[in-house]
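Chemist: Before I ask anything, let me first share the structure, which is written out below as structure tokens.
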Amino acid sequence: MIEKVEESTASQPTTVPAPRNSWSAWWPGFQRFLGNRKAAAGLVIVLVLVALGVFAPWLTSISPQAQSFVPLRPPSLAHPLGTTAQGQDVWSQFVWGTRASMTVGFAAGFLATAITVIIGMLSGFIGGIGDEALQMLTNVFLVIPGLPLIVVISSYFPFQNNWPLIVIIALTSWSWGARVLRAQVLSMRELPFVEAARMAGERTTAIVFRELMPNMLSLIFSQFLFAVVSAVLTEAGLQFIGLGNIDAVSWGSMLYWAQNDSALMTGAWWWFVPPGVAIGLFGAGLSLINYGLDEITNPRLRARVRRQKRGRPA
Amino acid sequence: MRYILRKVLFYGVALWAAVTLNFVLPRMMPGNPAEILLARFKGRVNPAAIHAFLIAFGLNVHQTLFQQYLSYLGQLVRGNMGISITYYPEPVSQVLAQALPWTLLLIGAATIISFFLGTLAGIVSAWHRGGWFDSFAPGVFTLTSSFPYFWFALLALYFFAYRAGWFPLGEAYSGTRASFAISNWPDLMYHTALPAFTIVFTSIGGWLLSMRNNMITTMGQDYILMARAKGLPRRRVMYQYAARNAILPNMTGFALSLGFIVSGALLTEIVFSYPGLGYTLLQAVQNEDYPLMQGTLLLIAVAVLFANFVVDLLYVRLDPRVRNE
Amino acid sequence: MSQEELLKVEGLSVTYYGPPDVEAVHHASFDIKRGEIFGLAGESGCGKTTLIAALTRLLPDNGAVTAGSIAFAGADWLHMTPPEVDAWRWQKISLVSQSAMNSLNPVISVGDQIVDAILAHRPNTPKREAWERAEALLRMVEVDPKHVHSFAHELSGGMRQRVMIAMALALEPDLVVMDEPTTALDVVVQAQIIHQVRSLQERLGFSVIFVTHDMSLLLSIADRMAIMYAGEIVELGSRERLNRHAAHPYTRGLIDSFPSVFEKKSRVGIPGAPPSMVTPPPGCRFHLRCPERLSVCDVAVPEERVLDSGGHRVRCHLYSVDALRQGSHD
């Protein structure tokens, strides 16, 4: 115990999670995660939004596309979020749009993270020329601005459904995470338990996936969350300028049509505000989870507990 | 100077990748690109222009792909990126030359301001950990940085320009002709202030939070303890020892997330009808103006690469360790 | 060597607030005379780093002195205000820490860091003079003065440690705290640096607190020394006394666990590990690992006994009259 305390006065390298050689140790970690205020708040926000999307069919019986109501009505009992200029029900659009945006966000985030993990881990572990090449690739993808590229691609290929969009967002957003993972692998490959596995003659892939992965789960998860946020933002931005599939209902297309029909200028805030706030809250929720994770793995970042010092100043 | 050489090599490869991507993209369109383009442009511009564009853009159907690539590169080196459909008969290069200064003014200035303010706020937040500023700033700016740039831009436009009338409703200058004359700067500032503010407001949180984390990590280092043991004034420890080291990773982060920020900021231009590259890109997309679209994409990529390169050079000045690499 | 007292620590206790709360130093008392090298030894985690942090008033935010006093150069050191402490730092007390690599700011030059300290305390010094002083200091520790313009990563480990020592002497302080200054170095460089410290100390007359876990090193350099175990000073005495008449079983264990150049003895070492400081063991804190444990050791906290007129004292039941009378070994 005392040894830990003394360490805090000296230098401390960036925390590396204690070696856990199996996948089953996640439960205590999850409990610690829930104990963190930021993480818990973020989780609640995200779960509420996810629930909106998942239970969309039960939350509204109105079709989000039906143009069968008096246009531009403010929120009322019949229409909790009012109606659009085309006479659609905003609440129904909102919950179905949540489902659509989440689908794209999580799918693209998942795909991007898969690429991140493969490239980042490989790059960090193989070293040498292969590492150089992968690093170059990663950095090129990192510095070339993603949105204009997606804009151009999607105007060449008008999308019939969300899948091409998901793939393109994933392809343009994996690079940051790959850099982070590579750095982490580099710092972990010298750790005793990895070295032991290498000396025991385990194959590289086995080491990467059996020894390193479980210890990097929280980092990978955090990259996943960032990828989801950025995918949701990218999709919204793309649809906002009228690209992608704007006839499908999503947060982005709601904003596109709201802007197209001057929702703000005509005072129809109930149409314009909900999707924007949802995107913001969703992003903030995921970021909070991330900061929570950060604080758990790196205790230095935790908010300081100001306690009264008994005794003398020193 | 191995570090600089490595960087030059990297940016060379990145530039080549961007240029090549630009060449490959239109050719991946389903069907024969030349015919599709011809069909699209028929009746909108005269045949001579179409021919000129096809030649200029290397879309010559009688050449092999490799020959096309070479002639594309050749045209590019001479600054020939074809003729814009939207602004026919203006060449793409000229349209871009008019748009670029606005983007540099708005996005360039806003990003630099955001980086400096955010970094400074991060330093203060970490140094006075648990103080009044630290207890609200990180939270507030986490929230603001989660919202889409364009959404905040629209709200700002509505409240501060439309309702309050403090700012113009868009565009970058009054009247019909842009002028960068000194006498015109108050007008330019008047138009740039609100869009710049929205970019700063939505991007500052990232710098604040990452700088705060870097500072906290740095403040645990032995050399900070040593500086305190030396009895140096607090300010000197804070800036010359802690912040001076903590800013290095933030600068790397700045360079690398530039692409991401520029992406968002381009949408801000669209909201404010600000005549920069983002707005030009939108025009090109809406008019199916492929030459202009390609040109804009390439220029944005090159601009971001260049900005990255500048940051890397600055980094060499700030971190003696890379000089001896 | 004058016997004037420079630093007097009395009953010092330091607690880190948790959870759980940990008392890392318990009731430590010792004094340091002007111009002597005072050694402080113990295994890692025994509280010596904490004791040093309290002495330099560099405890982390969650640590506080809960009892005791420190008189330093006649002043009540623990009750001085932070600005007063800052003014005294480096002028009166300076620090050479364990890892020179991490203790030098990596992005500003070595000279800048020396000049920094000079100008902070003597703001009227002309810049050129401060830089000349920095060069002179490097020369004094046998580092080429051209290295004032070097950065930490450009120097070897030994050179960095010399630079740190030069820096610590910049303002000719009364007391230099050396926290394991040679632990990270190889034996040859270690010997050179120890030799250097010794000769500089003889020449300039400052006092040194030399912290290490290496007893043989301490026995060759320190004038007097204190041995710490689990937050307590268990033995204190002069080099001569400890060399020949080390009293505490722990001290003897420490001495035996390092190879001696002169005697052919097998290294013995101490079995077991230091106890948890959250709930220190009852009685003598060492009893669980002690080879000479008495029954009284499990229950009664040993009082400190003075063994000779030179101030050799020990905290062990073996030297208490009552325990000897009981005499029953476990």
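Coordinate-derived values only; no laboratory data. Remember, it's a predicted structure, so these values are computed and weren't measured experimentally. So basically every Cβ, Gly included, is an ideal-geometry build from the backbone, and we count neighbours across all protein chains shown.
Chemist: In µm²/s, what is D for the stretch C:2-97 at 25 °C and 0.890 mPa s, where D = kT/(6 pi eta Rh) by Stokes-Einstein and Rh is the Kirkwood radius from Cα pairs?
Modeler: Estimated diffusion coefficient is 175 µm²/s.
Chemist: Ok, one more. Translational diffusion coefficient, Stokes-Einstein: compute it for chain B using the Kirkwood radius over C-alpha pairs as Rh, at 25 °C and 0.890 mPa s, and state it as an integer in µm² s⁻¹.
Modeler: Taking Rh from Cα pairs, D becomes 110 µm²/s.
Chemist: If you don't mind, there's one more thing I want to ask. Quote the FRET efficiency, to the nearest 0.05, computed for A:VAL50 versus B:LEU169 with a Förster distance R0 of 30 Å and r equal to the Cβ-Cβ distance.
Modeler: After rounding to 0.05, the efficiency reads 0.20.
Chemist: A further question follows. Take the alpha-carbon centre of the stretch A:37-79, take the same for the stretch C:171-189, and report the distance between them in whole Å.
Modeler: The stretch A:37-79 and the stretch C:171-189 have Cα centres separated by 67 Å.
Chemist: Calculate the radius of gyration of the Cα atoms of the stretch C:65-139 to one decimal place, then report Dmax, the largest Cα-Cα distance, as a whole number, both in Å.
Modeler: 15.2, 45
Chemist: What per residue convex hull volume, in Å³, comes out for the stretch A:45-202 when only alpha-carbon positions are used?
Modeler: Spelled out: Cα convex hull of the stretch A:45-202, divided by residues, is 176 Å³.
Chemist: Give the calculated FRET efficiency between B:SER179 and B:LEU313 to the nearest 0.05, with a Förster radius of 30 Å applied to their Cβ-Cβ distance.
Modeler: 0.40
Chemist: To the nearest 20 Debye, how big is the dipole of the protein assembly as shown about its Cα centre, given +1 on the beta carbon of each Lys and Arg and -1 on that of each Asp and Glu?
Modeler: With only Lys, Arg, Asp and Glu charged at Cβ, the dipole is about 220 debye.
Chemist: Give or take rounding to whole Å, what are the principal axis extents of the alpha carbon atoms in chain C, in descending order?
Modeler: Sorted from largest, the Cα extents of chain C read 71, 48, 40 Å.
Chemist: Sticking with this structure for a sec: Rounded to whole Å, give me the distance from the Cα center of the stretch C:70-147 to that of the stretch C:220-246.
Modeler: Distance between centres, Cα-based: 30 Å.
Chemist: Dividing the convex hull volume of the Cα atoms of the stretch B:273-325 by its residue count, what figure in Å³ per residue is obtained?
Modeler: Output value, Cα hull per residue: 79 Å³.
Chemist: Using the number of other C-beta atoms within 10 angstrom as an exposure proxy, rank A:ARG182, C:ARG198 with the fewest first.
Modeler: Taking fewest neighbouring Cβ atoms as first place, the list is C:ARG198, A:ARG182.
Chemist: Once Lys and Arg get +1 and Asp and Glu get -1 on their Cβ, which of A:ALA51, A:MET102, A:THR172 lies farthest toward the positive end of the dipole of chain A?
Modeler: After comparing all options, I get A:ALA51.
Chemist: Compute the helix-to-body angle for A:175-188: its Cα long axis versus the longest principal axis of chain A, expressed 0 to 90° and rounded to tens.
Modeler: Value to nearest ten degrees: 20.
Chemist: Relative to the longest principal axis of chain B, what angle (0 to 90°, nearest 10) does the C-alpha long axis of helix B:244-271 take?
Modeler: 40
Chemist: On each of the three principal axes of the Cα atoms of the stretch A:71-120, give max minus min coordinate, whole Å, ordered largest first.
Modeler: For the stretch A:71-120, the Cα extents along the three principal axes come out at 51, 18, 11 Å.
Chemist: At 7 Å along the Cα-to-beta-carbon direction for both C:ASP144 and A:PHE157, put a label point, then send me their distance in nm to one decimal.
Modeler: Each label point is offset 7 Å from its Cα along the Cβ direction, giving 6.1 nm.
Chemist: At 7 Å along the Cα-to-beta-carbon direction for both B:THR144 and C:SER29, put a label point, then send me their distance in nm to one decimal.
Modeler: 5.9
Chemist: For the modelled label position 7 Å from the Cα of B:LEU5 along Cα-to-Cβ, which residues of the stretch A:100-130 have backbone nitrogen atoms closer than 18 Å?
Modeler: A:129
Chemist: Starting from the eigenvalues of the Cα gyration tensor, five times each then square-rooted, give me the equivalent ellipsoid semi-axes of the stretch B:246-306, largest first, whole Å.
Modeler: Each semi-axis is the square root of five times an eigenvalue, giving 26, 13, 7 Å.
Chemist: May I pose another question? Round to the nearest 10 and give me the degree value, 0 to 90, for the angle of helix B:65-77's Cα axis relative to the longest principal axis of chain B.
Modeler: 60
Chemist: Normalise the Cα radius of gyration of the stretch A:23-111 by 2.2 N^0.38 Å (N = residues in it) and let me know the number.
Modeler: 1.46
Chemist: Computed over the Cα atoms, what is the radius of gyration of the stretch C:141-195 divided by 2.2 N^0.38 Å, N being its residue count?
Modeler: 1.13
Chemist: Given 37 °C and 0.692 mPa s, compute D for the stretch A:83-309 with the Stokes-Einstein relation, Rh being the Kirkwood radius over Cα pairs; round to the nearest whole µm²/s.
Modeler: Here the translational diffusion coefficient equals 168 µm²/s.
Chemist: Between the stretch B:259-325 and the stretch A:101-138, how far is it from one alpha carbon centroid to the other, in angstrom?
Modeler: 23
Chemist: Additional query: Could you tell me the calculated FRET efficiency between A:VAL167 and B:PHE136, based on Cβ-Cβ distance and R0 = 41 angstrom, to the nearest 0.05?
Modeler: Efficiency at R0 = 41 Å is approximately 0.55.
Chemist: Just to check I understand the Karplus step: with θ = phi - 60° and J = 6.51 cos²θ - 1.76 cosθ + 1.60, what whole-Hz values come out for the stretch C:193-204, glycine and proline as x?
Modeler: Each residue of the stretch C:193-204 in turn: 5, 4, 4, 5, 4, 4, 6, 5, 5, 5, 6, 9 Hz.
Chemist: For the protein assembly as shown, go through all pairs of different Cα atoms, get the mean of 1/r, take its inverse, and jot down that Kirkwood value in Å.
Modeler: Across the protein assembly as shown, the inverse of the average 1/r is 32.4 Å.
Chemist: Once all Cα-Cα distances of the stretch C:21-178 are split into 10 Å bins that start at 0, what whole-number percent is in each one?
Modeler: Percent of pairs per bin, in order: 10, 36, 33, 19, 3.
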